[in-house]
Amino acid sequence: MSFNEADREPKEDGVAAERSAWRRDAGAQDINARLGQRIREHREALGMSLNAAHRLTGIPAATLSRIENNRMAPTMPLVLKLLYGLRMSWADLTADLPLQIQGSQISVAASGEGERIEVNGNVYTIPHTDSRLRRHIQPVIFDIGSRTVEEAGGLRGHEGTELCYVLSGALLLYFVDRPPVELGVGGSTLFNAEIPHAYVAKSRGRTRVLLANIVDPLMHNPDALTPLISSLRKNTADD
């Protein structure tokens, strides 16, 4: 049986490649070593064992040990669990650390660029769908053509927190069991998106708004689409 050189070293998947890149990046290792040291110092200052920290953070003691000893780069969900569980502030963790800007931390979209979804006569343009940053926030340009709640598909809710900012036209934002909110250009609202709601254009022509669906990184599956996009695609499939 013969095989070529490519068979000797299988290609790394995305996660393995990312971890391998981290191991080779001396700058990243230095930052993670300092993060781990600060976490350990804070834990020990509280007189807390790894097992006690596990009970407060939900992170296995073995994982905590690897982070503290620079054998593992903590993900953002793990960092947030540490901050909440150990009552650390972001400043406690990151003060004096050098800022490193990586390509994966910046996403740029030209005007009109992004996935386009049409639901009930409304048009959603979704930029940055290929960015890792959308795991926790997803911006959407929403061109509203609906004139009634019925045309909008009724009142619907989804996971997350939603920011709405009116770019042009006038908006009526309906919620269940309360009068509609009227917003003009420059007006905005921030609300729990689980509350059933509907966007309706009040002005002639379309009303354009910027939506941002924000999800809790501790509760949301980082490999899934944000709830707003999932809801839109489901509605498209239902139509």
- Message: Filter the stretch 155-196 down to the residues that are touching a residue at least 40 places away in the same chain (Cβ under 8 Å), of a type outside the set (A, V, I, L, M) and over 20 Å from Thr125 (Cβ atoms) and list them by number.
- Response: Gly157, Glu159, Thr161, Pro196
- Query: Here are some residues: Gly154, Gly169. Which one is surrounded by 19 or more Cβ atoms within 10 Å (Cβ to Cβ) and in the same structural domain as Gly205 (by TED's automatic domain parsing)?
  - Reply: Gly169
- Message: Going residue by residue through the stretch 199-207, is there one that turns out to be of a type in the set (A, V, I, L, M) and at pLDDT 95 or above?
- Response: yes
- Conditions (1) surrounded by fewer than 14 Cβ atoms within 10 Å (Cβ to Cβ); (2) at pLDDT 75 or above: number failed by Glu12: (2)
- Query: Here are some conditions: (1) outside any loop (DSSP other than H, G, I, E, B); (2) buried (at least 16 other Cβ atoms within 10 Å of the Cβ); (3) not hydroxyl-bearing (Ser, Thr, Tyr). Glu182 meets all but one. Which one does it not meet?
  - Reply: (2)
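The values are calculated or read from the model by the stated rules, or taken from the named source; none is laboratory data. Because the structure is predicted, anything quoted here is derived from the model rather than measured. Reconstructed Cβ throughout: ideal geometry from the backbone, glycine too, with neighbour counts over all protein chains shown.
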